[in-house]
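Worksheet: the structure to be examined is printed underneath.
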Amino acid sequence: MNKNIRRQVLFTMFVAITMTASVNANDFEIAFQVERSIEDDFKKVDSSELTPKVVEEILKQYPTSKLAAVYKNNKSQFKLVMVLQSGTRRTVYIDANGIWFKKP
């Protein structure tokens, strides 16, 4: 299978899984309010802006987690709010090339 097609399939699967996840809207509204209050230069974006490399890394590192929110800055770095299988939230950072980093 062509590498680009494989990435697109993985990305599509990730977005579909994320969009079909059932979550409590009130919990996420509270989380989003907290996230907005501590935002630096990250702006909320749609998950479709994630690069294929980022999607691959998310699927590798967080295979059972759900994506709650995606933020992006002007350096093409992403701030992701993940909902772990246990229900706890984790904020992680990754660049467009799929390299994880600590909060800037």
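Take the residues in the range 45-76 that are more than 21 Å from T88 (Cβ to Cβ), polar (S, T, N, Q) and within 12 Å of the chain's Cα centre (by Cα), then tell me which one is least open to solvent (accessible area, probe 1.4 Å).
In the first step, residues of the range 45-76 are kept if they are more than 21 Å from T88 (Cβ to Cβ); the result is 45-46, 48-56, 72-76.
Add one more test, that the residue is polar (S, T, N, Q), and what stays is 48, 51, 73-74, 76.
Imposing the further condition that a residue be within 12 Å of the chain's Cα centre (by Cα) reduces the set to 48, 51.
Working: S48: 71, T51: 38 Å².
My answer is T51.
Pull up the range 73-90, narrow it to residues that are β-branched (V, I, T) and not in a loop (DSSP other than H, G, I, E, B), then point me to the one that is nearest to L50 (Cα to Cα).
By that ranking, first place goes to V81.
The values are calculated or read from the model by the stated rules, or taken from the named source; none is laboratory data. Here the structure is a predicted model, which means the values were calculated and not measured. All Cβ positions, glycine included, derive from the backbone under ideal geometry; neighbour counts span all protein chains shown. Heavy atoms of the whole protein, side chains included, go into the accessibility calculation; ligands, DNA and RNA do not. Shrake-Rupley method; radii C 1.70, N 1.55, O 1.52, S 1.80 Å.
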